[in-house]
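A.B. asks: Could you have a look at this structure, given as structure tokens, before my questions?
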Amino acid sequence: MKYFLSILLLSAAMQAQSFTASISPVLPNTPSGSALPDAPSQRPFWTVENKLNVSILAGLVTADAITTQRGLNQGLYEANPIMRPFVTRGAAGEAAGSALGFGAGVGAVYLLHRTHHYKAERITMRVFVAGEAAFVANNVIAIR
């Protein structure tokens, strides 16, 4: 009996989907017979601005990794407690930590883009670039 009810429920659900897909409403202020207008398309993520910002961020993350390793070789220490376990493992650990940080940053910006927060997306990306530039500048000053 359970199998029969399951099949009956699934077939009713399939029929309901086919009914809703075949309905084509006519809008009141459009010519007769036309369907709903196309929904506005979403902005593409990989615009020239985002490509440039992601490239700059990648360069700054690389510069941060290089200057951090030079500072560690001169006897300095990593101030960031989250990155400390990565950077003390040498270049491979530094690369892994930098990749995780870079991916988290770009992922956060992409999440804002997908949720249609375009202004917050641009602001967040610029804050990440400015923050990473400040880290690089701090490292350069420290290793002089």
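The values are calculated or read from the model by the stated rules, or taken from the named source; none is laboratory data. Worth saying up front: this structure is predicted, and the values here are computed from it rather than measured. FYI the Cβ positions are ideal-geometry reconstructions off the backbone, even for glycines, and counts take in every protein chain you see. These area figures cover heavy atoms from the full protein model, side chains too; ligands, DNA and RNA do not enter into them. Shrake-Rupley method; radii C 1.70, N 1.55, O 1.52, S 1.80 Å.
A.B. asks: What tally of residues in segment 84-101 results from selecting those that are open to solvent by less than 60 Å² (accessible area, probe 1.4 Å) and either within 22 Å of residue 126 (Cβ to Cβ) or touching a residue at least 40 places away in the same chain (Cβ under 8 Å) (or both)?
C.D. replies: So the count comes out to 2.
A.B. asks: Report, by residue number, each residue of segment 118-144 that is free of Cβ contacts under 8 Å to residues at least 12 places away in the same chain, open to solvent by 70 Å² or more (accessible area, probe 1.4 Å) and within 15 Å of residue 68 (Cβ to Cβ).
C.D. replies: Step one: filter segment 118-144 for residues free of Cβ contacts under 8 Å to residues at least 12 places away in the same chain, giving 119-120, 123, 127, 130-131, 134, 137-138, 141, 144.
Those left that are additionally open to solvent by 70 Å² or more (accessible area, probe 1.4 Å): 119, 123, 127, 138, 141, 144.
Within segment 118-144, 138, 141, 144 qualify.
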